[in-house]
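Student: Starting off with a structure, shown below.
Bear in mind these aren't lab numbers, they're just calculated from the coordinates by the rules spelled out. Just so we're clear, the structure is a prediction, and the values are computed from it rather than from any experiment. Glycine gets a Cβ as well: all are built from the backbone with ideal geometry, and neighbour counts include every protein chain shown.
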Amino acid sequence: MKTVYFDNSATTPLSPLARDTFLRVSTESWGNASSLHTVGLRAHEILEKARLTLRRALGGTGGKILFTGSGSEANNLAIFGRAFAKPRFRRGGRILTTLGEHASVAMPLAALRKEGFDVVELPTRGGQIDLAALEDALTPEVFLVSVMTVNNETGACYDLRTLRACMRERAPQAVLHTDATQAFGKIPLRAAESGWDMVTVSAHKIGGPQGCGALWVSDSLLRNKGLVPFVLGGGQEEGFRSGTENIPGCAAFAAAAEEADRLLPSRAAQMQRLSERLLSRLPDLPGAPGLHPNLPPCRAPHILSLTLPDIKSETMLHFLSARGFCIANGSACSSHGRHAPAPLLAFGLTEREADCTVRISFSHENTDEEVDLFCDALREGLDSLARIR
């Protein structure tokens, strides 16, 4: 039975280029980048080259790349590192975020709220930031705004340009962090040009290895000492993230990033075409209008959220998995939880609708045939599971 993988927002297969890079560096340049002998210096050279390549993929104009063990760690570094950078932030400082952020942003912010920080969550109904709520919440006390670039459940692209303009007007001292793990390699990102201060990216979302992430930090934030270390120890990564660097992982991450950036237009067009093909088949499937997509006004090309007609997403997931189709009933980090995914509730779905919603996420390697096979299997599932219900 052929496996059709439509869960690329959870993780992507290792690309041949990233795999070859990882194996080559693992065997030929296995030194510790902090060592001063020739083997260590060679590892340091590879690490710095990877840092430069990744920065170029994010726009190539200034800033520093800090390598981490994951996108989640990079988010934690951005949030805790900013919150504890200045003593005054603890005395009435405010943080803005959105309802439905990834757990690696939402949970650190929940921890800071318990510590006395004022954390405000902005509504995102329909996949758009509530601008009126944003303007009300942007006060001079705001020192951090953390908003994802692309929502991992619905594919909604948030309007960070307008957000940044409002920040400049109402809270000019605040810094903007964006979790771009679902955007990197899928839509164009130019961190410095966009006025962002910190950007989180992750290797395994773009064909790189698991266990390697990065935080891009602007030069101005570093100059102003607006970020403090989160992991202490040997002082690697400019002192911001101690621990021996994963040289093969960083090199493979950079290789995947360069490839994704270079091929982004063609890859994005392919994923958009597959998404539209699937959408065009929905009216012919049983269950309409109960079967419907959740389409924000601006959507990344690779993510499609689909609500089923009163069939639990987990039930459909198992039905399709038995037939070789891999989809998701929530982000991989939250799919084992008991509650409906927060991003779907924030989008405007009821708890029942959210519990009946699946996520299909494409890669540039998926094909028209796979979409058609999936629609046939979905039709079978809708017929069969509706009868059982």
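Student: Take the chain, connect every pair of alpha-carbon atoms lying under 10 Å apart with a spring to form a Gaussian network, then pick out the residue of Asn75, Asn152, Asn32 with the largest mean-square fluctuation.
Tutor: Taking springs between Cα atoms under 10 Å, the residue moving most is Asn32.
Student: Can you list residues from other chains, or at least 5 along the same chain, whose modelled amide H is less than 5 Å from the amide H of Ile129?
Tutor: It is Asp159, by chain and number.
Student: Gain in length, Leu17 to Ser266, computed as 0.36 nm per residue apart minus the alpha-carbon separation, to one decimal in nm?
Tutor: 87.9 nm
Student: In nanometres, what is the gap between the two model label sites at Leu36 and Thr3, each 7 Å from Cα along Cα-to-Cβ?
Tutor: Once both label points are built, they end up 4.8 nm from each other.
Student: P(r) of the chain in 10 Å steps, Cα pairs, percent per bin?
Tutor: In order of increasing distance, the bins hold 5, 23, 31, 24, 13, 3, 0 percent.
Student: Starting from the 7 Å offset along Cα-to-Cβ, what nm value, one decimal, do you get for the label separation of Ser242 and Thr350?
Tutor: 5.3
Student: Using the crude model of +1 on Lys and Arg Cβ and -1 on Asp and Glu Cβ, and no other charge, please compute the dipole size for the chain relative to its Cα centre, in debye to 20.
Tutor: For this selection, approximately 840 debye.
Student: Hey, what's the per residue convex hull volume over the C-alpha atoms of the range 158-313, in cubic angstrom?
Tutor: Here the figure is 162 Å³ per residue.
Student: What order, most packed first, do the peptides 244-253, 364-373 have when packing is the mean number of other Cβ atoms within 10 Å of each residue?
Tutor: Packing proxy ranking, top to bottom: 244-253, 364-373.
Student: Set the Förster distance to 45 Å, then compute FRET efficiency between Asp376 and Ala165 from the Cβ-Cβ distance, nearest 0.05.
Tutor: With a Förster radius of 45 Å, E is 0.45.
Student: With labels modelled as points extended 7 Å from the Cα through the Cβ direction, what inter-label distance (nm, one decimal) is found for Arg90 paired with Leu131?
Tutor: 3.9
Student: Antiparallel DSSP bridges in the range 177-222: what percent, to the nearest 5?
Tutor: 60
Student: In whole Å, what is the distance between the alpha-carbon centres of the range 230-276 and the range 25-65?
Tutor: Each part's Cα centre sits 13 Å from the other's.
Student: In what sequence, highest mean first, do 177-184, 119-126 appear when ranked by Cβ atoms within 10 angstrom?
Tutor: Answer by packing, highest mean first, reads 177-184, 119-126.
Student: When the chain is fully extended, how far beyond the present Cα-Cα distance does Lys225 get from Lys114, taking 0.36 nm per residue of separation?
Tutor: 37.5 nm
Student: Still on this structure, please answer the following. Take every DSSP beta bridge whose two residues both sit in the chain, then give the antiparallel share in percent to the nearest 5.
Tutor: 55
Student: Kindly provide the helix-only [θ] at 222 nm of the chain, computed as the sum of -39,500 (n - 2.57) over DSSP H runs of four or more divided by all residues, to the nearest 500 deg cm²/dmol?
Tutor: Computed mean residue ellipticity for the chain: -12500 deg cm²/dmol.
Student: Any idea how many Lys pairs in the range 16-262 come in under 19 angstrom at the alpha carbon, given 8 or more places apart or on separate chains?
Tutor: 5
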